[in-house]
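> The structure follows.
Only the coordinates and a few stated rules stand behind these numbers; no lab work does. Remember, it's a predicted structure, so these values are computed and weren't measured experimentally. We place every Cβ from the backbone using ideal geometry, glycine too, and count neighbours over all the protein chains shown.
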Amino acid sequence: EQAITDAALPATILRPTFFMDNFQTFNRPVRTDNGDIQLNLAVHPEIPMSLIAVDDIGAFAALAFDRPGDYIGKTIPLAGDRLTPPQIAEVFARVTGLATHSNQIPVEQVKAFDEQVGKMFAYFNQGPDHPVDTTTLRAEHPELHDLESYLHAVNWKP
């Protein structure tokens, strides 16, 4: 972002947050031996996380290209939902009909898997981010997913 600013380039900065799509890959909740779902995140339970679906990032990029006059020179934080890990677990429980539990794992465990992902979670744990104005984002892109609609859209299964 600084290089774009320093070069005085006409640009739009999209700032996505934690990808909802991660719940299908490296942060996929797991089924326990008793049939429940366990959500493992390296985030303190009281810290809300802003979440965005990758397809929604693409939709905002398309809007910026389609309507450059409305977007050039702006920095736009992107999120469709903002939930604590226990609230994320509640959404999974509603969608799957299965008891879902949130489990905080150590950031060091994540860093052993992937240094950059570990840095991301360490950053999240420094404190809550600023809430993103999802009302304004939804006015621009009415299909913007919250976590529940995203899980339904991808037909998420444990």
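> In this structure, is I52 under 26 Å from H141 (Cα atoms) and in contact with a helix residue (DSSP H, G or I) (Cβ under 7 Å, 6 or more places away or on another chain)?
Working: under 26 Å from H141 (Cα atoms): yes; in contact with a helix residue (DSSP H, G or I) (Cβ under 7 Å, 6 or more places away or on another chain): yes.
Considered against the rule, which asks whether it is under 26 Å from H141 (Cα atoms) and in contact with a helix residue (DSSP H, G or I) (Cβ under 7 Å, 6 or more places away or on another chain), I52 comes out as yes.
> For region 1-56, give me each residue that is crowded, with 18+ Cβ neighbours inside 10 Å and either part of a helix (DSSP H, G or I) or basic (K, R) (or both).
M20, F23, D56
> Tell me the residue from L98, L144, L51 that is touching an Asp or Glu at 6+ places or on another chain (Cβ under 8 Å), of a type in the set (A, V, I, L, M) and more than 20 Å from L14 (Cα to Cα), please. Spell out the reasoning first.
Numbers: L144 fails: more than 20 Å from L14 (Cα to Cα); L51 fails: more than 20 Å from L14 (Cα to Cα).
When all the criteria are applied, what remains is L98.
> To continue, here is another question. Answer yes or no as to whether L98 is within 25 Å of E1 (Cβ to Cβ) and surrounded by 11 or more Cβ atoms within 10 Å (Cβ to Cβ). Spell out how you get there, then give the answer.
Working: within 25 Å of E1 (Cβ to Cβ): no; surrounded by 11 or more Cβ atoms within 10 Å (Cβ to Cβ): yes.
For L98, the condition - within 25 Å of E1 (Cβ to Cβ) and surrounded by 11 or more Cβ atoms within 10 Å (Cβ to Cβ) - is not met.
> Just checking, which of A8, A42 is in contact with a helix residue (DSSP H, G or I) (Cβ under 7 Å, 6 or more places away or on another chain) and farther than 21 Å from V132 by Cα?
Numbers: A8 fails: in contact with a helix residue (DSSP H, G or I) (Cβ under 7 Å, 6 or more places away or on another chain).
Of the residues listed, the single one that is in contact with a helix residue (DSSP H, G or I) (Cβ under 7 Å, 6 or more places away or on another chain) and farther than 21 Å from V132 by Cα is A42.
> Under the condition of being in contact with a Leu (Cβ under 8 Å, 6 or more places away or on another chain) and under 17 Å from F26 (Cβ atoms), which residue from region 103-146 is surrounded by the most Cβ atoms within 10 Å (Cβ to Cβ)?
Taking the candidates together, the pick is F121.
> Could you go through region 59-82 and let me know if any residue there is among the acidic types (D, E) and within 30 Å of D6 (Cα to Cα).
We begin by selecting, within region 59-82, every residue among the acidic types (D, E); these are 66, 70, 81.
Filter once more, keeping what is within 30 Å of D6 (Cα to Cα): 66, 70.
Yes: region 59-82 contains one or more residues that are among the acidic types (D, E) and within 30 Å of D6 (Cα to Cα).
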